[in-house]
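Undergrad: This structure is in structure tokens; I'll ask about it shortly.
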Amino acid sequence: MKKLYFVRHGESEWNVLDKICGSTDVALTEKGKQQALDTGKKILESGIKADEICWAGLCGGVFGYVPQHG
């Protein structure tokens with residue numbers, strides 16, 4: 001059976017300001033960058049294999065991508 005996973009970016013500067021965003025490229029906070037790295041590590045540790053990875057193409061999505069090694 002195929003599985004579909006959704007992962008959101010970490011905290012952005014606009015999240016902190018309670019601003020709504022979706023099409024504007026807003027940087028992640030330091031906390032958000034750490035959240036993205038932690039999520040990537042958990043995905044790798046869980047053994048999830050991805051046939052495809054899709055993202056919005058904005059900074060938050062690209063930063064959060066952690067390639068699998070080996």
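Undergrad: How would Lys31, Lys3 line up by accessible area, probe 1.4 Å, largest first?
TA: My answer, sorted largest first, is Lys3, Lys31.
Undergrad: While we're here: Just tell me which lysines come within less than 23 Å, Cα to Cα, of Lys42; anything on the same chain fewer than 8 places away is out.
TA: Those lysines meeting the cut-off are Lys2, Lys3, Lys31, Lys33.
Undergrad: Next up: Checking the cross-link filter: which aspartates and glutamates have an alpha carbon closer than 20 Å to that of Lys49, excluding same-chain neighbours under 8 positions apart?
TA: Asp38
Undergrad: Between Val26 and residues 5 or more places away or on another chain, which pairs have amide H atoms under 5 Å apart, with H built 1.01 Å from N, and which residues are they?
TA: Close amide H contacts, sequence-distant or interchain: Cys59, Gly60.
Undergrad: Subtracting the Cα-Cα distance from 0.36 nm times the residue separation, let me have the gained length for Lys2 to Ile48 in nm, one decimal. Please report the intermediate quantities before stating the final value.
TA: Details: separation 46, 0.36 × 46 = 16.56 nm, distance 1.16 nm.
Working it through step by step, the gained length comes to 15.4 nm.
The values are calculated or read from the model by the stated rules, or taken from the named source; none is laboratory data. Just so you know, these numbers come straight off a predicted model, no measurement behind them. Areas reflect the complete protein model, heavy atoms only, side chains present, ligands, DNA and RNA absent. Shrake-Rupley method; radii C 1.70, N 1.55, O 1.52, S 1.80 Å.
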